[in-house]
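Following: one structure in structure tokens, then a few remarks.
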Amino acid sequence: MNNKIRNLLLGMVVLIPLNLLAEPSGQALAYTCAGCHGTDGSSKGPSSPSIAAMDPDVFIDAMQAYKLDERNATIMNRIAKGYNDKQIKSMAWFFAKQPLNATAQKHDAELAKLGAQLHDKYCEKCHEDGGKPGDAGTLAGQWMPYMNNTMEDFISGHRNYPRKMQRKVDAAIKAEGDRAIPALLHYYGSQHGFSGQEKDHE
Amino acid sequence: MSDINRRDFIKLTTLAGASLGFPQLALAASPRVVIVGGGVGGCTAAKYLRKLNPNIEVTLLEAKKAYTSCFMSNEILSGDRTLESLTFDYEGLRRRGVKVVNERVSAIEADKKQVVTVGGQPFRYDACVVSPGVDFKWDAIEGYDESVSEVIPHAWFAGPQTVILRKQIESMPEGGKVIIVAPPNPYKCPPGPYERAAQIAMYCKHHKPKAKILILDPKDKFSKQGLFEQGWAKLYGFGTDNSMIEWVGAAGGGTVEELDPSTRTLQAEIEEFQADVINIIPPQKAGKIAFSSDLVDGDWCPVDKLTFESTRHKNIYVLGDASNAAKMPKSAYAANSQAKVAAAAIVARFKGIEPPDPTFVNTCYSILGEEHGISVAAVYSLDKSSNTITPIEGAGGLSPMDASDLQRKREVSYAHSWFKNLIDDMMM
């Protein structure tokens, strides 16, 4: 920040009562999510996704979609409407900086092995680095029951299915049949013990 | 303000705040917070105080060695859950550096800034957090008191009484009758009595299909009523001659005046009701310590909603069910949300800066059947001029009446995930 702006800000702060300027910080807003998404966004509940280390744009897109009732929701559409764009952005950056403490999940090692192959062939191009947090959303270490619900929504038409993703998923199903999606989920669910957060975005 | 500037901005505002002469406290290097009550409010405050400032010495005073969650405890009545699955020790908080002392508090001495336990030991504090939950008004229903509640359980604190109620339902005759006496507003867990009816029906549907569950209610309407009646109708025949669940509100004579425990008979406003199992949830007020420490005005504790500091005694913060935090319900999620606001306010005070602007959320799930869950949610902000926590318009509200079966089913799994995360967030 240059000195001119700094002095201007300092002047404002002295002149204007603080409570007119203030509004809940990203941290304060994000703390209210923890009862469903876990402390700092690392969920302990299999149906609620972890949102720690989430790419900020993915977070913002999701919240805006819920706000506009564009995503199959039970409760998030009601909650997202409580926040303005600036608040959503500040929450997004708070979560982006949190390490993902993924809980170890029970998985079938054989299926996960097949899933790893399917991932490399069909998914890695967008969900880079084994599906670790990135601009196509977090898959690695994500809860399997949550991802299962999400895939159900894509396939049943309850969620906007990106055409490219649909082609790739269809191809994986064509190759491995009913085992394809469980294999992918077991692969992603088998991963934990990495953090993946945005270290510094300044 | 862009995120890039925020850190500088905070530094600047802190500097400006100091120069404007915000109250600077003469504090030791490690300010001390003593927390009274190891429920959702107290535990969450303990965890988040340490998280926000590890230099704060936090002592949690709680008589019980382990916490038993009230939320989800209705599932004990359907048989879906054991008391053990709701019980958690305080080791998680100890690992975070919280000193947990299992002693009962006898007095909070605001003038001396200390809490005294039954053992006589004083705990000095710079800030005290009080989160005692609710207590019952035992004089409301003639013939019902604490000793009778061993036989006619309230089961409103998850514990031995929840198990007693479960056993009574299991051992009642085939076509047995259960009466739930609901409390007047305000009380802890507004949808609780109605979820309870559904959970009992869930068990009876499989094991005692001719059983009846009657709710006697001193109110004319209740939380999530439309969704409950819809769910009861779908699952338990509500509204038909053959309904397993029946609800009698105030207008229908649902206000109970007297209990005869020996015959299990209730005298209500218009008629008498007899049952095999009776569950009375008495009217409620703030926990005992709030009364003995002069923190109440009427039944509840008035607080400044910006910080949750008591308006009756400085340096004491009252959270959760005991506080008068309308329009937030007396729920676990609300207490969790309030505790973080109070923790941030206390940390700010120790730094000598203004408390941050608060923000609150409540979410609450009810499970009516194996695959039938419903919820209510709200996002709140503070209207400082009226000191009122206000739901943000256009947000929050109930599960839709026309939700699909899949959504109702998912809400059950979300409820269970919510339970796990809430427990984790308060004490792990």
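Could you tell me whether region B:54-71 includes any residue that is of a type outside the set (A, V, I, L, M), surrounded by fewer than 17 Cβ atoms within 10 Å (Cβ to Cβ), modelled with pLDDT under 95 and farther than 15 Å from residue B:350 by Cα?
The answer is no; no qualifying residue exists.
Hey, residue B:131 hits all of (1) out of contact with any Ser or Thr (no Cβ under 9 Å at 6 or more places or on another chain); (2) farther than 30 Å from residue B:202 by Cβ; (3) among the small types (Gly, Ala, Ser) but one; which does it fall short on?
(1)
Taking residue B:354 as the residue in question, decide whether it is within 9 Å of chain A (Cβ to nearest Cβ), part of a loop (DSSP other than H, G, I, E, B), in contact (Cβ under 8 Å) with a residue 12 or more places away in the chain and buried (at least 20 other Cβ atoms within 10 Å of the Cβ).
Judged against the criteria, residue B:354 is a match.
Could you grab me the full set of residues in region A:138-160 that are outside any helix (DSSP H, G or I) and either aliphatic (A, V, I, L, M) or at pLDDT 95 or above (or both)?
A:139, A:140, A:141, A:142, A:143
Between a residue in region B:193-205 that is over 11 Å from residue B:182 (Cβ atoms) and without any contact (Cβ under 8 Å) to a residue 40 or more places away in the chain and any residue that is aliphatic (A, V, I, L, M) and not in a helix (DSSP H, G or I), which pairs come within a Cβ distance under 9 Å, given they are 6 or more apart or on different chains?
B:205/B:211; B:205/B:244
Name, by its number, the condition in (1) part of a helix (DSSP H, G or I); (2) under 20 Å from the mean Cα position of the chain (by Cα); (3) more than 12 Å from chain A (Cβ to nearest Cβ) that does not hold for residue B:307.
(1)
For region B:139-181, which positions are surrounded by fewer than 17 Cβ atoms within 10 Å (Cβ to Cβ) and basic (Lys, Arg)?
Correct list: B:167 only.
Can we say residue B:339 is facing chain A (nearest Cβ under 10 Å), at pLDDT 95 or above and under 18 Å from residue B:222 (Cβ atoms)?
no
So which residues in region A:127-139 are surrounded by 16 or more Cβ atoms within 10 Å (Cβ to Cβ) and under 17 Å from residue A:56 (Cα atoms)?
Hits for region A:127-139 are A:127, A:131, A:132, A:133, A:134, A:136, A:137, A:138, A:139.
Considering (1) in contact (Cβ under 8 Å) with a residue 40 or more places away in the chain; (2) at the interface with chain A (Cβ under 9 Å from one of its Cβ atoms), say which one residue B:364 fails and leave the rest.
(2)
Given the conditions (1) within 19 Å of residue B:130 (Cα to Cα); (2) more than 8 Å from every other protein chain (Cβ to nearest Cβ); (3) crowded, with 21+ Cβ neighbours inside 10 Å; (4) out of contact with any Phe, Trp or Tyr (no Cβ under 7 Å at 6 or more places or on another chain), which single one is not true for residue B:344?
For residue B:344, the exception is condition (2).
Here's a check for you: in region B:183-209, which residue that is of a type in the set (Gly, Ala, Ser) and touching a helix residue (DSSP H, G or I) at 6+ places or on another chain (Cβ under 9 Å) is farthest from residue B:371 (Cα to Cα)?
The extreme case among them is B:197.
Restricted to region A:39-50, and to residues that are touching a residue at least 60 places away in the same chain (Cβ under 8 Å) and touching a Gly at 6+ places or on another chain (Cβ under 8 Å), which residue is nearest to the other protein chains (Cβ to nearest Cβ)?
Among those that are touching a residue at least 60 places away in the same chain (Cβ under 8 Å) and touching a Gly at 6+ places or on another chain (Cβ under 8 Å), it is A:45.
Name the one entry in B:318, B:379 that is crowded, with 22+ Cβ neighbours inside 10 Å, farther than 25 Å from residue A:26 by Cβ and of a type outside the set (Gly, Ala, Ser).
Result: B:318 is the single residue among B:318, B:379 that is crowded, with 22+ Cβ neighbours inside 10 Å, farther than 25 Å from residue A:26 by Cβ and of a type outside the set (Gly, Ala, Ser).
Do you know which residues across region A:77-115 are in a loop (DSSP other than H, G, I, E, B), polar (S, T, N, Q) and crowded, with 20+ Cβ neighbours inside 10 Å?
Of everything in region A:77-115, those that are in a loop (DSSP other than H, G, I, E, B), polar (S, T, N, Q) and crowded, with 20+ Cβ neighbours inside 10 Å turn out to be A:98, A:101.
Restricting region B:132-147 to residues that are touching a residue at least 40 places away in the same chain (Cβ under 8 Å) and out of contact with any strand residue (DSSP E or B) (no Cβ under 7 Å at 6 or more places or on another chain), which is nearest to residue B:341 (Cα to Cα)?
Among those residues, the one meeting the criterion is B:133.
Determine whether residue B:321 is more than 13 Å from every other protein chain (Cβ to nearest Cβ) and either at pLDDT 95 or above or not in a strand (DSSP E or B) (or both).
yes
Scanning region B:381-422 for residues that are of a type in the set (S, T, N, Q) and farther than 30 Å from residue B:310 by Cα, which turns out farthest from the other protein chains (Cβ to nearest Cβ)?
If we take residues in region B:381-422 being of a type in the set (S, T, N, Q) and farther than 30 Å from residue B:310 by Cα, then B:404 is farthest from the other protein chains (Cβ to nearest Cβ).
So which strands (runs of 3 or more DSSP E) are wholly in region B:202-278 and hold at least 2 residues that are farther than 29 Å from residue B:400 by Cβ?
B:212-216, B:256-260, B:265-268, B:272-274
When you check residue B:312 against the structure, is it on the phi > 0 side of the Ramachandran plot and either in contact with a Phe, Trp or Tyr (Cβ under 9 Å, 6 or more places away or on another chain) or at pLDDT 95 or above (or both), yes or no?
No: the conditions fail for residue B:312.
Considering each of A:129, A:61, A:69 in turn, give the residue that is free of Cβ contacts under 8 Å to residues at least 12 places away in the same chain, closer than 30 Å to residue B:401 by Cβ and more than 14 Å from chain B (Cβ to nearest Cβ).
The conditions single out A:61.
The values are calculated or read from the model by the stated rules, or taken from the named source; none is laboratory data. The model shown is predicted, which means the values in this text are computed figures rather than measured ones. So basically every Cβ, Gly included, is an ideal-geometry build from the backbone, and we count neighbours across all protein chains shown.
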